[in-house]
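So the structure is just underneath, and the comments pick up after that.
Each reported figure results from applying straightforward, stated rules to the coordinates on display, with no laboratory input. Predicted, not measured: the structure shown is a model, and the values here were computed from it. Please note: Cβ atoms are built from the backbone with ideal geometry, for glycine as well, and neighbour counts cover all protein chains shown.
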Amino acid sequence: MSFLSKCSTDTVHSAAAALKAGSLVAFPTETVYGLGADAENAEAVARIYEVKGRPHDHPLIIHIASIDGLSDWAGELPDYAVSLARDFWPGPLTLVVNRGERAKDFVTGNQKTVGLRVPAHNIALGLIQEFIKLGGKGIAAPSANRFGAVSPTNAQAVEDELAEYLQVQDIILDGGQSLVGVESTIVDCTKETPFILRPGAITAEMIEESTGLIALTKEVSEIRVSGSLDSHYSPKAKVVLDAIAEPGDGLIAPDQIPTPDGVIRLASPRTIEGYARDLYAALRSADAQGIEVVVVLQPGGDGLAAAIRDRLKRSAH
Ligand code: TXA
Ligand code: MG
């Protein structure tokens with residue numbers, strides 16, 4: 001496995017060639033790091049499931065270079081899906097749409113739909129564009145963590161978690177810290193109106209503004225979204241929400257909250273964006289320090305705050 005920092009055009013090109021040859025490439029996106037494979041290569045996609053330890057019926061998101069890639073992978077689409085793609089791509093939004101011929105069972109976890117996203121990150125976009133020049137159509141990529149664990153927001157976290165499962169030809173591209181820090185909003189676009197399967201930085205309000213339709217959200221969906229399992233995004237430490245931290249506990253809380261004596265401060269975000277960006281690295285750092293209990297004071301409000309609370313509820317389950 002190679003770990004490549006300061007990604008030049010050359011590094012991105014060799015990573016695209018590795019993907020085309022059937023290897024795995026972990027790459028940065030604005031949300032979290034993804035573990036990528038050629039979405040048309042059944043064996044390469046099967047390795048993603050092995051490396052993650054993920055059940056085979058959990059579908060993958062296919063990363064494409066622009067809205068033009070929709071026609072490569074999607075079947076029939078409602079107009080509102082096109083509005084969403086126009087308004088928010090590249091960006092932290094995944095559209096679940098009826099699948100086209102190209103999207104096979106091995107990448108959709110046997111769903112008749114496919115998840116598509118154009119990431120807003122130079123290295124990710126460069127990688128997809130180079131891959132397309134080599135004849136590829138899309139990069140299947142889940143978050144680059146073991147199943148059920150916290151998503152990685154920097155390249156070191158990917159290496160720490162996955163290096164032992166990767167092969168010599170596989171690559172980790174280092175693009176620094178992911179700026180959003182929580183996974184993309186997932187919108188099911190197979191019904192008459194948009195349906196939010198996973199909240200994220202693209203909020204219900206933004207979706208309603210773009211489409212002129214009410215965006216529904218449901219706690220438990222029939223479609224399988226592994227990120228919607230009750231327990232997910234979990235560090236080894238026990239996560240306790242909105243409690244009083246005891247000496248020896250870790251604490252994640254907004255910066256105006258003081259740190260009680262003997263408590264180990266893991267993050268002091270000043271804004272809601274900062275909260276999302278720092279959360280997963282703070283949970284990972286608790287595990288690295290052998291902290292057993294992490295108290296998290298949740299942010300209030302809608303939008304991104306609601307996405308953070310959604311992840312925290314599952315971390316704490
Ligand atoms: O921000 C993100 O979305 C990151 C970056 C790497 O793009 N990716 C990510 O992938 O979070 P993953 O696999 O960790 O989470 C994607 C979720 C999974 O829970 C999966 O079940 C769901 O999206 N999903 C993918 N395709 C789907 C489909 N056709 N129908 C329903 N859910 C789908
Ligand atoms: Mg994930």
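Between their Cα atoms, which of LYS133/LYS191; LYS6/LYS238; LYS52/LYS137; LYS6/LYS133 are more than 26 Å away from each other? Checking Cα-Cα distances, LYS133/LYS191; LYS6/LYS238 exceed 26 Å.
A simple charge model with +1 on the Cβ of Lys and Arg, -1 on the Cβ of Asp and Glu and nothing else charged puts the dipole of the chain at about 320 debye relative to its Cα centre. Between GLU164 and GLU76, the simple spin-label model (points 7 angstrom out along Cα→Cβ) gives 5.0 nm.
For the residues GLY290, GLY91, GLY69, a GNM of the chain with alpha-carbon springs under 10 Å puts the largest fluctuation on GLY290. FRET efficiency for the pair SER14 and GLU246, taken as 1/(1 + (r/R0)^6) with r the Cβ-Cβ distance and R0 = 51 Å, rounds to 0.55. For ARG146 and HIS56, FRET efficiency with R0 = 25 Å and r from the beta-carbon atoms, rounded to 0.05? The value I calculate is 0.95. Under Stokes-Einstein, with the Kirkwood radius over Cα pairs standing in for Rh, what whole-number D in µm²/s applies to the range 7-165 at 10 °C and 1.306 mPa s? The diffusion coefficient I find is 103 µm²/s.
Global dimensions of the chain from alpha-carbon coordinates: Rg and Dmax equal 18.9, 60 Å. When the charge dipole of the chain is built from unit charges on Cβ atoms (+1 for Lys and Arg, -1 for Asp and Glu) and taken about the Cα centre, the candidate among ALA144, SER83, GLY250 whose Cα reaches farthest toward its positive end is ALA144.
When the Cα gyration tensor is reduced to axis lengths a ≥ b ≥ c, the ratio a/c is 1.5 or higher for the range 238-315, and with a/b above b/c it is classed as prolate. The Kirkwood radius of the range 44-92, taken over pairs of alpha-carbon atoms, gives through the Stokes-Einstein law at 37 °C and 0.692 mPa s a diffusion coefficient of 255 µm² s⁻¹.
Amide H to amide H, with H built 1.01 Å from N, GLY36 comes under 5 Å of VAL25, ALA26, PHE27, counting only residues 5 or more places away or on other chains. Gain on full extension, evaluated as 0.36 nm per residue between SER2 and SER231 minus their Cα-Cα distance, stands at 79.3 nm. Phi angles of the range 151-158 translate, via the Karplus equation with coefficients 6.51, -1.76, 1.60 and θ = phi - 60°, into HN-Hα couplings of 5, x, 10, 8, 5, 4, 5, 5 Hz per residue; Gly and Pro are given as x.
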